[in-house]
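Data block below; observations after.
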Amino acid sequence: SRASIGVTGLAVMGRNLARNLARHGHTVALHNRSPQRTRDLVDQFGSEGDFVPTHTAEEFVRALERPRKLVVMVKAGTPTDAVIDEFAPLLEPGDIIIDAGNAHFADTRRREAALRERGLHFVGTGVSGGEEGALHGPSIMPGGSASSYDSLGPLFEDIAAKVDGAPCCTHIGPDGAGHFVKMVHNGIEYSDMQLIAESFDLLRGALGYEPAQIADVFRTWNTGRLDSYLIEITAEVLAHTDPATGAPFVDVVADEAEQKGTGRWTVQNGLELGVPITGIAEATFARSLSGHTELRRAARGLAGPTRSAARGGVSERFADDVEQALYASKVVAYAQGFNQIQAGSAEYGWNVDLGAVAAVWRGGCIIRAKFLDDIRGAYRAEAGLPTLLASGEFRSAVEDAQDAWRSVVSTAVRLGIPTPGFSTALAYYDALRAERLPAALVQGQRDYFGAHTYRRVDRDGSFHTTWAADPRAEHEA
Ligand code: 6PG
């Protein structure tokens with residue numbers, strides 16, 4: 001046994017992780033259900049490092065130094081359980097199975113508990129950065145036991161992206177914490193993508209800019225506080241022309257956004273924990289709305305401003321306003337996502353360090369951005385920060401942006417340009433800062449029809465008004 005780590009499941013993500021490990025001087029055992037993939041990897045990339053190709057589960061396990069570290073890179077769900085069932089009986093106490101796919105954190109909790117019974121470590125690990133990230137340096141979010149991180153951490157830190165010399169990898173917390181944080185990462189990713197897409201739609205719809213011009217606007221934004229991977233690639237997508245037709249690429253792509261499900265999980269969990277992640281929810285629903293072709297066809301003729309007629313009355317300053325609205329909405333989206341991690345951490349007893357999460361998202365992952373360093377700073381200054389919106393720099397930046405933000409949302413409403421992301425972010429901001437919310441009236445309604453009781457602002461206790469019999473009578477419930 002001479003491999004320090006092994007990878008089973010050699011589709012592109014698994015292959016690239018294995019290559020990344022080997023390129024960093026680690027001996028990597030390889031295994032795949034069908035051996036052709038293993039052979040292909042060695043044929044094409046064997047010269048990059050030290051690989052130990054194996055063909056059976058037994059051979060794979062034998063190739064690994066103890067404690068064995070097996071990275072499982074297969075489809076989330078049943079395939080993961082099948083691989084665990086195949087390998088667990090071959091392992092010995094102290095060995096570590098690492099699930100580096102996008103598993104649901106509840107599955108990870110279940111698997112971790114079951115394997116812990118058998119003396120094995122199970123490490124559900126978030127890995128972000130797509131194919132390129134996996135090869136050149138992803139952001140890595142391992143959960144599982146602290147002791148498993150002692151032997152696994154150095155390997156992962158070695159192959160992770162680096163920002164100012166610091167690896168974008170940290171032990172997130174026990175059992176499902178790593179996959180939970182990766183799930184919220186993806187929720188934020190949905191939100192960020194939606195906000196950028198709305199910015200594009202606004203610049204086009206209100207100013208009449210062509211996609212290539214908007215690419216330039218985004219490139220400029222990318223030199224400032226919005227500097228991020230998603231803005232950078234958006235500019236490239238917008239500048240791209242379809243070779244077949246010569247039209248802007250974005251105009252030949254069907255406008256139906258798909259999803260593999262991590263955004264949906266984030267929203268479901270937000271509902272379960274009662275965390276208002278409205279930005280992520282709107283972004284997820286915006287994708288499903290776009291895919292409802294029949295619904296959209298049925299509604300196509302409904303009255304409202306049309307794009308070309310609506311333009312006008314919008315000054316060139318509008319592009320700057322959109323930058324501000326995007327920034328402010330983005331702060332809201334991240335504030336919500338970090339609150340969800342805070343709530344998940346409390347619910348499941350993970351003790352997640354939010355500053356450390358922001359730090360490992362600074363590089364390697366899809367939402368990597370300069371911005372995350374500011375978030376890291378905010379949580380370093382105050383670990384229990386109730387919301388990013390109330391912290392020093394973010395607070396003043398959002399306050400400064402709010403006039404532009406409001407004007408962008410009202411322009412969108414006037415021109416009939418749908419901006420669910422911008423609108424919900426602003427509504428969240430206004431709801432949070434409100435002195436009083438109409439929730440008081442909702443409580444009254446509930447008490448009226450269902451005797452659900454309410455609390456008062458001036459006295460402790462629960463109360464019910466006998467609405468039908470005598471509305472002047474109030475009883476303590
Ligand atoms: C990443 C990405 C990656 C992937 C997701 C999103 O962090 O590297 O988030 O996990 O792109 O599967 O895909 P959907 O948009 O299909 O949900």
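The values are calculated or read from the model by the stated rules, or taken from the named source; none is laboratory data. Predicted, not measured: the structure shown is a model, and the values here were computed from it. A quick note on method: Cβ atoms are made from the backbone with ideal geometry, for glycine too, and the neighbour counts reach across all protein chains shown. The protein model used for the area step is the full one, side chains on, heavy atoms only, and it has no ligands, DNA or RNA in it. Shrake-Rupley method; radii C 1.70, N 1.55, O 1.52, S 1.80 Å.
The one condition from (1) open to solvent by 10 Å² or more (accessible area, probe 1.4 Å); (2) under 17 Å from residue 387 (Cα atoms); (3) β-branched (Val, Ile, Thr) that residue 341 does not meet is (1). Against the numbered list (1) touching a residue at least 60 places away in the same chain (Cβ under 8 Å); (2) open to solvent by 20 Å² or more (accessible area, probe 1.4 Å), residue 213 comes up short only at (1).
Taking segment 348-366 only, how many residues are at positive phi, touching a Gly at 6+ places or on another chain (Cβ under 8 Å) and more than 14 Å from the ligand (Cβ to nearest atom)?
Matching residues across segment 348-366 total 1.
Within segment 257-269, if we keep just the residues that are open to solvent by less than 80 Å² (accessible area, probe 1.4 Å) and either assigned to a loop (DSSP other than H, G, I, E, B) or among the small types (Gly, Ala, Ser) (or both), the residue that is nearest to the ligand (Cβ to nearest atom) turns out to be 259. Being out of contact with any strand residue (DSSP E or B) (no Cβ under 8 Å at 6 or more places or on another chain) and more than 23 Å from residue 270 (Cβ to Cβ) holds for only one residue in 115, 90, and it is 90. Hey, among the residues in segment 344-363 that are open to solvent by 10 Å² or more (accessible area, probe 1.4 Å) and in contact with a strand residue (DSSP E or B) (Cβ under 8 Å, 6 or more places away or on another chain), which one's nearest to residue 131 (Cα to Cα)? Across segment 344-363, the extreme among qualifying residues is 362. Being small (Gly, Ala, Ser), within 16 Å of the ligand (Cβ to nearest atom), open to solvent by less than 40 Å² (accessible area, probe 1.4 Å) and in contact with a helix residue (DSSP H, G or I) (Cβ under 6 Å, 6 or more places away or on another chain) is a condition met by at least one residue of segment 286-301. Looking across segment 424-477, the residues that are within 27 Å of residue 334 (Cβ to Cβ), open to solvent by less than 80 Å² (accessible area, probe 1.4 Å) and in contact (Cβ under 8 Å) with a residue 24 or more places away in the chain come down to 424, 425, 426, 427, 428, 429. Residues in segment 159-203 that are among the acidic types (Asp, Glu) and more than 16 Å from the ligand (Cβ to nearest atom): 164, 175, 198, 201. Here residue 320 fulfils each of the conditions (1) open to solvent by less than 80 Å² (accessible area, probe 1.4 Å); (2) assigned to a helix (DSSP H, G or I); (3) not aliphatic (A, V, I, L, M) apart from (1). Screening residue 154 with (1) modelled with pLDDT of 95 or more; (2) under 21 Å from the mean Cα position of the chain (by Cα) gives one miss only, at (2). On inspection, residue 333 qualifies as within 16 Å of the ligand (Cβ to nearest atom) and closer than 29 Å to residue 75 by Cβ. Six or more apart or on different chains, Cβ atoms under 8 Å: show the pairs whose first residue is in segment 123-140 and within 8 Å of the ligand (Cβ to nearest atom) and whose second is assigned to a strand (DSSP E or B) and open to solvent by 10 Å² or more (accessible area, probe 1.4 Å). Final answer for the pair search is 133/127; 138/127; 139/127. The test for being out of contact with any strand residue (DSSP E or B) (no Cβ under 7 Å at 6 or more places or on another chain) and either surrounded by 24 or more Cβ atoms within 10 Å (Cβ to Cβ) or more than 19 Å from residue 13 (Cβ to Cβ) (or both) does not hold for residue 158.
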